[in-house]
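To start, the structure itself, in C-alpha cells.
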Amino acid sequence: MVLPAYEVEIGTEPLDRPARNSVGGWPHLDPGQDWPECFCGERLALFFQVDIPSDVEPFGGDHLLVFHCRAHNDPSTPQLADGRLVARYWDAPQPPHPAPFWRVLIQSREARPASEAEPSVRGLPLTLRPFTDTPEKAAQTFKVGGTPSWAQDPELYSCACGEDLVYVCQVPEDMEFAVHAGRPEQPDSVRADAYVLFLGNEVYLLACPARCDPAAVWPVNQN
Ligand SMILES: [Zn+2]
Ligand SMILES: [Zn+2]
C-alpha cells in the first residue's frame, strides 16, 4: 500500500516572521504548552516544526515539533516494561541521563507562535512536496508520511497507554541544522556551525495515535 508522503525541503531565505513549517524559527505551541527545557536546565533548541498534511493519517492537521538539547548529543535508548515503553517515557530516565534530552510534541492546529524565536538554529522555511514513497523502495530523505527506510530491522513500539505507535516523520542520517555564528557549539557535532539530532543517527518519529500526551512520541534511532 502506498501511503501519502511529503518530501521536506529546506528553503534558503532566512525567516523574519513566524512560519508553521520551519527549521528553527518561532515554535507554534498550544495554549498552556511552555517551551520545553532539558533536565540540565537548558531550554531545548527547536530543530524543526511542520503542519502534518491532512492526508497523513492519523495525525493529519496536527502540528509536529522536534526539540533537542544543544548540550546533550546521544542516541535515544528505548526503556521498556511489560513489552511497552515505560510509563511517561517522555519524562522517564534515559540512562545515564535522569530524563530525555529531547522533546517531540504533537500540538493542535490551534498552536500559536511563541513570542521569541529559536536563538541558535537558523530559522529557515520548510516546504512539503508530495512524492511517491513505496514500501519496497522507501526514500532515505527528510519526509513526513510514507514509509520509514529502516537502516536496520524495523523497530516498532507500543505506547505506555497500550496503543501501537505510528510512524509519522523521518530525518535522514547526519542531517545538519545550521546554527547562528557565536552560539555555543554542540559536543560531537559534525561542524562548529551546525547541530545534529541524536548524534547524527537516522531518526524515525513514532507517535501515539490516541494522543495520550502531547509528548507521546518515540524517536527511533538507527544507523
Ligand atoms: Zn541538556
Ligand atoms: Zn499513548
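The values are calculated or read from the model by the stated rules, or taken from the named source; none is laboratory data. Because the structure is predicted, anything quoted here is derived from the model rather than measured. Cβ atoms come from the backbone with ideal geometry, glycine included; neighbour counts cover every protein chain shown. Only protein heavy atoms, including side chains, enter the accessible area calculation; ligands, DNA and RNA are left aside. Shrake-Rupley method; radii C 1.70, N 1.55, O 1.52, S 1.80 Å.
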Given the criterion open to solvent by 30 Å² or more (accessible area, probe 1.4 Å), farther than 17 Å from CYS208 by Cα and either touching a helix residue (DSSP H, G or I) at 6+ places or on another chain (Cβ under 9 Å) or more than 16 Å from ligand 1 (Cβ to nearest atom) (or both), identify the matching residue among GLU163, GLU155, GLU185, GLU116. GLU116
Just the residues that are hydrophobic (A, V, I, L, M, F, W, C) and touching a Gly at 6+ places or on another chain (Cβ under 8 Å), please, taken from segment 1-25. LEU3, ALA5, LEU15, ALA19, VAL23
Of the residues in segment 175-190, those that are of a type outside the set (Phe, Trp, Tyr) and not in a loop (DSSP other than H, G, I, E, B) come to ALA178, VAL179
Which is in a strand (DSSP E or B) and not aliphatic (A, V, I, L, M), of PRO209, PRO219, PRO214? PRO219
Of all residues being over 18 Å from ASP91 (Cα atoms) and touching a Leu at 6+ places or on another chain (Cβ under 8 Å) in segment 188-208, which is most open to solvent (accessible area, probe 1.4 Å)? Just the residue, please. ASP188
Against the condition within 22 Å of ALA5 (Cα to Cα), away from ligand 1 (no atom under 15 Å from the Cβ) and among the small types (Gly, Ala, Ser), how does GLY123 come out, does it pass? no
Contact list, first residue from segment 41-56 and near ligand 1 (Cβ under 10 Å from one of its atoms) and at pLDDT below 95, second anywhere and open to solvent by 10 Å² or more (accessible area, probe 1.4 Å) and of a type in the set (A, V, I, L, M), beta-carbon distance below 8 Å, six or more apart or interchain, is GLU42/ALA71
Determine the pairs where a residue that is small (Gly, Ala, Ser), located within segment 66-92, has a partner that is in a strand (DSSP E or B) and more than 16 Å from ligand 1 (Cβ to nearest atom) with Cβ atoms under 6 Å apart, the partner being 6 or more residues away or on another chain. SER76/ASN221
Looking at segment 129-145, which of the residues that are over 14 Å from CYS169 (Cα atoms) and free of Cβ contacts under 8 Å to residues at least 60 places away in the same chain is surrounded by the fewest Cβ atoms within 10 Å (Cβ to Cβ)? GLU136
